[in-house]
Amino acid sequence: MSAQAVIRNARLVFTCAGGAPKCGPAQADARPITNASIVASGGTILFVGPAEEAARLYPPDPAGTLIDASGCTVVPGFVDPHTHVVFGGDRREELRRRLAGATYAEIAAEGGGILSTVRATREATEDELAAATNARLDQMLGCGTTTCEAKSGYGLEPDTELKMLRVIRRLNGGHPMDIVPTFMGAHEIPIEHRANRRFYIDQLVRQMIPAAARDGLAEWCDVFCESGVYTPDESEEILEAGKRHGLKPRIHADELAESGGSLVAARVGARSADHLLHVAPRGIHAMKGAGVVATLLPIAAFYLKLGRFAPARELIEGGVPVALATDLNPGGGFSPSMPFAMALACFGMRMTFEEALVASTINAAYAIDRHDRVGSLEAGKQLDAVVIDGDAVDLLKMGVPAIRAVVKRGVVCWHREAGC
């Protein structure tokens, strides 16, 4: 048997165990256990339960890893199911301009915004993108994220889109974090094709999606369904093309207006519809009926100064499972921190702490189809965990170093004193 890894004597373990996704009243079902220990072998959990029982059933292993969690709370490793972590360039000057009063639309009209990042990403080498992305992944890991989704979408032409996906595959094999790849060539209409958008959509459907699927570079297909970007009919066409090539659908929906994206999500059987600031009751009803997860991105709404957040309470009360994500990106998702997303969810979207925790773990894992292995602390799953000094609610204190250690597959991959 492989050497054991033990997190022992935690004052409290939030397991978030049970079926996925959790919705309605179950959204708050974080399943805490007091005075608990977790035992794993080969990175897979064998036991979660009372510390005394763990000590009796699993004698100490001299060759194993022992984490003393006395006085600490342990939660599952956070799952971030929506990121644009791979990109070239730097748009912090745009942030300064927005803070001085410039609008996102004004900056975009001058060649900034997504198209600025597209230029930089096209110019960057694969090695340069990998190095920059690796540093961002390290920041995410230090915030407790142990699994994340990562999108292409800053290439908007075949070679760069595939380059981004190759970077994701490369880092998925070399970074402690598990990374789930999404093809998102439909992030914007590239400026060179705006006079003939049909040409680019045909390129997506006939060339780029088949290449991403054929090379095994992507698992999901995403599209930005929004006024001025992709219409509902175009979004459905692109996602159905992805399905024909084995790519599972997800969608950016109803962010800046009621775009119809939530209805497209229901029609194509998307696992997740993301953003949803303007989702209408009919969209909530359709998502519930089709089993679509609402992945909410309060960090983006905060940094983009949109003046509102997604209606989390209405979604939960409507029976739609809610997940949280950072939307880490160069233009509006400036924080890699899932605890920050949780804090905004609690204080901006009226979620309880337990609802936000479930949204950041097991529901987020379900949103990227990884709930069979991560997102909760229970036998048979990976030992991915966050050890928190004191009470878990201290995660909501921004700027306070509440996380003591991050564990991935039973190995301490980040520690507050030592870092990665």
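The values are calculated or read from the model by the stated rules, or taken from the named source; none is laboratory data. Computed from a prediction, not measured in an experiment: that's the story for all the values here. Using ideal geometry, Cβ is built from the backbone for each residue, glycine included, and neighbour counts are taken over all protein chains shown. When the accessible area is computed, the model is the full protein with side chains, heavy atoms only, and any ligands, DNA or RNA have been set aside. Shrake-Rupley method; radii C 1.70, N 1.55, O 1.52, S 1.80 Å.
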Extending each Cα 7 Å along its Cβ direction at Arg119 and Arg198, get the distance between those two points in nm, one decimal. 3.0
Quick check on segment 275-420: take the gyration tensor over C-alpha atoms, sort the square-rooted eigenvalues as a ≥ b ≥ c, and tell me if it's rounded (a/c under 1.5), prolate or oblate. oblate
Going by average Cβ neighbours within 10 Å, how do the peptides 13-24, 204-215 rank, with the highest at the top? 13-24, 204-215
27 Å Cα-Cα threshold exceeded, pairs from Lys22/Lys381; Lys248/Lys397; Lys151/Lys381; Lys151/Lys397: Lys248/Lys397; Lys151/Lys397
Given a Förster distance of 30 Å, report the FRET efficiency between Glu106 and Thr231 from their Cβ-Cβ distance, rounded to the nearest 0.05. 0.80
So for R0 = 56 Å, FRET eff. of Arg11-Arg282 from the Cβ-Cβ r, to 0.05, ends up at 0.80
Let's see if you can work this out: charge +1 on each Lys and Arg Cβ, -1 on each Asp and Glu Cβ, no other charges. What is the dipole magnitude of segment 207-247 about its Cα centre, in debye to the nearest 20? 240
Whose amide H sits under 5 Å from the amide H of Val180, counting only residues 5 or more places off or on another chain, with H placed in the peptide plane? Cys148, Glu149, Ala150
Length-normalised contact order of segment 268-420, Cα under 8 Å, at least 6 apart, in percent, tallies to 16
Mind checking the per residue accessible area of the chain for me, 1.4 Å probe, whole number of Å²? 37
Quickly rank 271-278, 349-356 as a protection proxy: mean count of other C-beta atoms within 10 Å, highest first. 271-278, 349-356
Value at 222 nm in deg cm²/dmol, rounded to 500, when DSSP H runs of n ≥ 4 in the chain each add -39,500 (n - 2.57): -10000 deg cm²/dmol
Give the shape of segment 195-236 as rounded, prolate or oblate, defined through the alpha-carbon gyration tensor: a ≥ b ≥ c are the square roots of its eigenvalues, a/c under 1.5 means rounded, and otherwise the shape is prolate if a/b is larger than b/c and oblate if not. oblate
Three-way shape call for segment 64-175 based on the alpha-carbon gyration tensor, with the a/c threshold at 1.5: oblate
What percent do you get for the relative contact order of segment 35-166 when only Cα pairs under 8 Å and 6+ apart count? 28
